[in-house]
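K.L.:
Below is a structure I'd like to ask you about.
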RNA sequence: GCACCCGUAGUUCAGCUGGAUAGAAUACUAGACUACGAAUCUAGGGGUCGGAGGUUCGAAUCCUUCCGGGUGCGCCA
């Protein structure tokens, strides 16, 4: 992609195929290349890309800058003024709709003009050309300049751009992010253990993050890291052999998880009998472990066989959630490398010996001591994380590394990242641990001892029950296959939305009944909103209103503009358009903050606005042909935006429900 | 003992790099369907933003300190 001279780090040339020529000038003005002011201002790249696609916001900012130049010139000031990109970033949505579409807090830039914010806001309001292309009215309210957008102009750009999906496709064409390779590691289940709802939250967060980063234009490698070795597996196998049990024909992985739980109980019971009994068992388990590590014999064969059961089970879970990994790492494949790492960095001085063991001394950084090799010569979990990180840097050439892991491991990852830094990896500073809180039950914390954990198996069974209920409603009316698909989409969406709609740092209350209640801030509410759009569009097509929303044509823009020029834009339409317009901003923020909840909330408010619009103004029943077409475009624009957003959360809405 | 995270309406949560009168959902109360599908919408009450200081034009947001809850802190993963 060719760089365009004069507009800093913005590359508008690559968007020729998507943007219309008339918009290019606008962007150049907005970024300062056609303006005399601050051409050397360094923009914040990531946020600006999304801004450059928001012609409405930039257009308004451009018109404000034009007035600002006049105002400043009158005072003899020509330098140090903000660019349109800065203005656009500062513009807020006013607290009350009737105040306008944007509010510009003038205290952000008046210092360079040596003026009071109230005065600047008032004079700017008088200077702004309301005959200009984007601004219909501008009035001051104290230090704020409240701006009402030229609605026909805005709608004519926004609605076709969203309905066609061009505005979303453009996001991935971001040169600023295209050269940063990101690896996102998530899921990380242990074989021979239960797959519980905590793992489900991890899958939802991780896969959504992958989507968000890809949407923002990053090349993303999605990876999994499976724990397939360690004493927990030896315990499980020890129990199976001792109890002489055999696996069922199906769901063998789940069965292994149950056997592990039984093993733990049996172990505790046996160990409480006497110290001798405990020692005997410990010896037996060590023998199993050695057997596995010897890579030969019955214990090793049993490990191979049972390990595969777990892996098969994991695959079925991933299929259920529609997640895919580009690469799957195993603990067992980095074991040997971890030993080599210990040797190498012991010599380099990054590691030191202590009490017969080896580790990294992180006390100067208030992170304690990170053990990498035990006295018995074995490496640890942390050592393998170091080995894996090195592989990620060296073999996969990644620039940023993201780990989605529960908050219990905050300390662990601080240690790992600091140690990687001490080992000399410059990418250590680009490592990020997305820490998330626990999944708790409505009546309190989950604990395996209290016997109130929720496994994926239980979740799946509960949802199958809910599934059947939904199934019954349309039996005989819809094709059986569609009923099954729809019910599945609803359940999957309910779970994903419930897992993602609140801040990752906080615990999430797992309340299946609420999530599936279909009322309020739930996945089904959003999906229902989507089906309403499809219902209208289907009916429109049936009535012969064939509008091709797949392309944003000039003709289409003209029609929307004419319709809203001749008819008032209802408040509900204006508000809905706002949420559509701010979608890319929400997606970008969601990505950069590692918080899918930001996007989830945006989608929820957008749906609220749509449902108000739905009851407030007629669409198909609109008598004026042009207005009806414009409103149909609004419906299509909202539907496309919502579908895009749900997709980023890993949710596919049904077409009807 | 030390470190990190959380504390906003009865409950579950929003609140963007500090911005105008702190917003939703739920529950409760009162309304709106000869339907662009009411799995929806409208209206109402409900809050010392854990407490106290500080920073400034301005603090739920930033700093300090205390209180409450959680997690973790060299031979597990």
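K.L.:
Out of the residues in the range A:521-531 meeting the condition of being in a helix (DSSP H, G or I) and within 6 Å of RNA strand B (Cβ to nearest atom), tell me which one is surrounded by the fewest Cβ atoms within 10 Å (Cβ to Cβ).
P.N.:
A:531
K.L.:
A further question follows. Suppose we keep only residues that are over 16 Å from residue A:188 (Cβ atoms) and in contact with a helix residue (DSSP H, G or I) (Cβ under 7 Å, 6 or more places away or on another chain) within the range A:305-334. Which one would you say is nearest to RNA strand B (Cβ to nearest atom)?
P.N.:
Taking the candidates together, the pick is A:306.
K.L.:
Please verify whether residue A:564 is in contact with a strand residue (DSSP E or B) (Cβ under 7 Å, 6 or more places away or on another chain) and either under 30 Å from residue A:479 (Cβ atoms) or more than 8 Å from RNA strand B (Cβ to nearest atom) (or both), treating the condition exactly as stated.
P.N.:
Taking the combined requirement at face value, the residue does not satisfy it.
K.L.:
Within the range A:402-409, is there a residue that is within 12 Å of RNA strand B (Cβ to nearest atom) and surrounded by fewer than 16 Cβ atoms within 10 Å (Cβ to Cβ)?
P.N.:
Within the range A:402-409, one or more residues are within 12 Å of RNA strand B (Cβ to nearest atom) and surrounded by fewer than 16 Cβ atoms within 10 Å (Cβ to Cβ).
Listed here are the residues, each with its yes/no results for (1) assigned to a loop (DSSP other than H, G, I, E, B); (2) closer than 23 Å to residue A:489 by Cα; (3) at pLDDT 95 or above.
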position	(1), (2), (3)
A:535	no, yes, yes
A:602	no, yes, yes
A:613	no, no, yes
A:623	yes, no, no
A:631	no, no, yes
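K.L.:
Restricting the first residue to the range A:601-614 and requiring it to be without any contact (Cβ under 8 Å) to a residue 24 or more places away in the chain, which pairs with a second residue that is assigned to a helix (DSSP H, G or I) and more than 7 Å from RNA strand B (Cβ to nearest atom) meet a Cβ separation below 9 Å and a spacing of at least six or different chains?
P.N.:
A:608/A:529; A:608/A:579
K.L.:
Test residue A:657 against the stated conditions and say whether it is near RNA strand B (Cβ under 7 Å from one of its atoms) and touching a helix residue (DSSP H, G or I) at 6+ places or on another chain (Cβ under 6 Å).
P.N.:
It is true that residue A:657 is near RNA strand B (Cβ under 7 Å from one of its atoms) and touching a helix residue (DSSP H, G or I) at 6+ places or on another chain (Cβ under 6 Å).
K.L.:
Then there is this: For the range A:268-351, which helices (runs of 4 or more DSSP H) that fit wholly inside it have 2 or more residues that are surrounded by 13 or more Cβ atoms within 10 Å (Cβ to Cβ) and within 34 Å of the chain's Cα centre (by Cα)?
P.N.:
In the range A:268-351, A:298-321, A:331-348 are the helices (runs of 4 or more DSSP H) which contain 2 or more residues that are surrounded by 13 or more Cβ atoms within 10 Å (Cβ to Cβ) and within 34 Å of the chain's Cα centre (by Cα).
K.L.:
Exactly one condition in (1) within 30 Å of residue A:177 (Cα to Cα); (2) within 10 Å of RNA strand B (Cβ to nearest atom); (3) buried (at least 20 other Cβ atoms within 10 Å of the Cβ) is false for residue A:370; which is it?
P.N.:
(1)
K.L.:
Test residue A:251 against the criterion of being surrounded by fewer than 19 Cβ atoms within 10 Å (Cβ to Cβ) and modelled with pLDDT under 95, and give yes or no.
P.N.:
yes
K.L.:
What number goes with the only condition from (1) at pLDDT below 90; (2) touching a strand residue (DSSP E or B) at 6+ places or on another chain (Cβ under 8 Å); (3) under 26 Å from residue A:562 (Cα atoms) that residue A:137 does not pass?
P.N.:
(1)
K.L.:
Out of all the residues in the range A:510-517, is one or more surrounded by 15 or more Cβ atoms within 10 Å (Cβ to Cβ), touching a helix residue (DSSP H, G or I) at 6+ places or on another chain (Cβ under 9 Å) and farther than 30 Å from residue A:474 by Cα?
P.N.:
No, every residue in the range A:510-517 fails to be surrounded by 15 or more Cβ atoms within 10 Å (Cβ to Cβ), touching a helix residue (DSSP H, G or I) at 6+ places or on another chain (Cβ under 9 Å) and farther than 30 Å from residue A:474 by Cα.
K.L.:
For the range A:580-594, indicate whether the set of residues that are crowded, with 19+ Cβ neighbours inside 10 Å, more than 24 Å from residue A:101 (Cβ to Cβ) and over 25 Å from the mean Cα position of the chain (by Cα) is non-empty.
P.N.:
There is no residue in the range A:580-594 that is crowded, with 19+ Cβ neighbours inside 10 Å, more than 24 Å from residue A:101 (Cβ to Cβ) and over 25 Å from the mean Cα position of the chain (by Cα).
The values are calculated or read from the model by the stated rules, or taken from the named source; none is laboratory data. Just so we're clear, the structure is a prediction, and the values are computed from it rather than from any experiment. FYI the Cβ positions are ideal-geometry reconstructions off the backbone, even for glycines, and counts take in every protein chain you see.
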